[in-house]
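The values are calculated or read from the model by the stated rules, or taken from the named source; none is laboratory data. For clarity, every value in this text was computed on a predicted model and none was experimentally measured. Because the Cβ atoms are built from the backbone with ideal geometry, glycine has one as well, and the counts that use them run over all protein chains shown. What goes into the accessible areas is simple: the full protein's heavy atoms, side chains included, and nothing from ligands, DNA or RNA. Shrake-Rupley method; radii C 1.70, N 1.55, O 1.52, S 1.80 Å.
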Amino acid sequence: MKRAALSLVVLLVLVAGVRAQKNIDQILVLVNDDPITRTDLLWSLAMDAKAPNPAAAVSSDVLRRKLDVMIDERLISQEASRIPSVEVTEEELRKKRSDLIATFKSEAAFRERVGAVGLTTERIDDLLRQRILIDRFIDFRFQTFVLVTEPDIQRYYDERLVPQLRASGQVPPALDKVRDRISAILKVEKVNQEIDRWLDGARQRAEVVVLAEP
């Protein structure tokens with residue numbers, strides 16, 4: 001009842017705000033009463049080098065897919081906030097910023113893109129801090145407990161790697177030469193599977209209220 005009441009209050013405030021002024025940031029979704037706005041969506045697109053430039057026309061399908069990703073990120077962020085954590089250091093922030101910029105053609109291209117949607121350096125750093133906390137939670141909650149066994153590696157080698165290489169006319173290397181690479185691949189796959197399972201449960205438990213189409 002409390003969540004429903006709060007959601008109603010947010011809706012009433014939003015309607016009142018729209019009547020009071022034309023230029024208002026539209027709330028698209030409430031995730032456990034935590035709003036995701038249209039600006040949040042545009043900012044997330046701007047910081048994703050693989051996504052279309054939000055300063056140009058973006059299809060509704062792309063917007064919906066990105067919004068789904070943001071809902072998942074918000075659920076993880078909410079869970080991460082419940083776990084005590086040390087503050088993000090300037091070194092962590094610098095590295096995260098550098099890694100992000102490196103995914104674009106150049107720093108100038110990055111700055112132009114984020115600037116077009118009103119993202120300031122301070123706001124970018126705030127968003128990157130949130131991402132770092134999410135990364136920490138994923139490391140703590142999933143990566144720590146995922147194990148890749150020798151049978152897993154052997155199975156991947158026999159059933160996936162060797163057939164794939166032979167199909168392309170290549171000679172498969174000895175298992176010992178690719179063991180570490182296979183282990184890394186399987187670790188990522190297993191972590192992603194665990195995250196997907198967790199998110200399925202989190203979405204079922206969460207109250208996600210869609211207020212507007214992106």
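Among Leu147, Leu41, the sequence by solvent-accessible area, most first, with a 1.4 Å probe is Leu147, Leu41. Summed over qualifying helices (DSSP H, 4 residues or more, each -39500 (n - 2.57)) and divided by its residue number, the chain shows a 222 nm mean residue ellipticity of -21000 deg cm²/dmol. Distant-in-sequence amide contacts of Thr37, defined by a placed amide H-H separation under 5 Å and a gap of 5 or more residues or a different chain, comprise Leu28. Treating each Cα of segment 124-167 as one equal point scatterer and applying the Debye formula with no solvent, the log10 of I(q)/I(0) at q = 0.17, 0.19, 0.33 Å⁻¹ comes out as -0.65, -0.68, -0.99.
For segment 30-139, applying the loop criterion from DSSP together with a ceiling of 12 other beta carbons within 10 Å to the GluC sites (Glu not before Pro) yields Glu87. For segment 105-199, averaging the sequence separation of C-alpha pairs within contact (under 8 Å, six or more residues apart) and dividing by the residue count gives a relative contact order of 32 percent.
The lysine pair count for segment 57-200, using Cα distances under 29 Å and pairs eight or more places apart or on different chains, is 13.
Summarising the label geometry, the points placed 7 Å from Cα in the beta-carbon direction at Ala212 and Thr39 lie 1.2 nm from one another. To put it simply, the accessible area of the chain at a 1.4 Å probe is 54 percent carbon and sulfur. A Förster radius of 30 Å combined with the Cβ-Cβ distance from Ser98 to Ala55 puts the calculated FRET efficiency at roughly 0.80. Between Val188 and Arg166, residue separation times 0.36 nm minus the direct Cα-Cα distance comes to 5.5 nm. Taking every protein chain into account, the accessible area of the chain amounts to 63 square angstrom per residue (probe 1.4 Å).
Applied to segment 65-79, the Karplus parametrisation 6.51 cos²θ - 1.76 cosθ + 1.60 on θ = phi - 60° returns per-residue 3J(HN,Hα) values of 5, 5, 5, 4, 4, 5, 4, 4, 4, 5, 5, 5, 4, 5, 5 Hz, with x for Gly and Pro. The Stokes-Einstein estimate for segment 110-214, based on a Kirkwood radius over Cα pairs and taken at 20 °C with 1.002 mPa s viscosity, is a diffusion coefficient of 120 µm²/s. At the residue level, Met70 shows approximately 20 square angstrom of accessible surface with a 1.4 angstrom probe and all protein chains present. Distance in nm between label sites at Ala109 and Arg123, each 7 Å beyond Cα in the beta-carbon direction? Computed distance between label sites Ala109 and Arg123 equals 2.3 nm. Rounded to two decimals, what ratio of Rg to Rh does the chain give with C-alpha atoms and a Kirkwood Rh? That ratio equals 1.04.
Gyration tensor over the Cα atoms of segment 48-102: the corresponding equivalent ellipsoid has semi-axes (square roots of 5 times the eigenvalues, largest first) of 27, 19, 6 Å. Cβ-Cβ distance of Asp48 and Glu159, R₀ of 45 Å, FRET efficiency by 1/(1 + (r/R0)^6): the value works out to about 0.85. Using the Cβ-Cβ distance between Gln204 and Gln143 with R0 = 22 Å, the FRET efficiency computed as 1/(1 + (r/R0)^6) comes to roughly 0.40.
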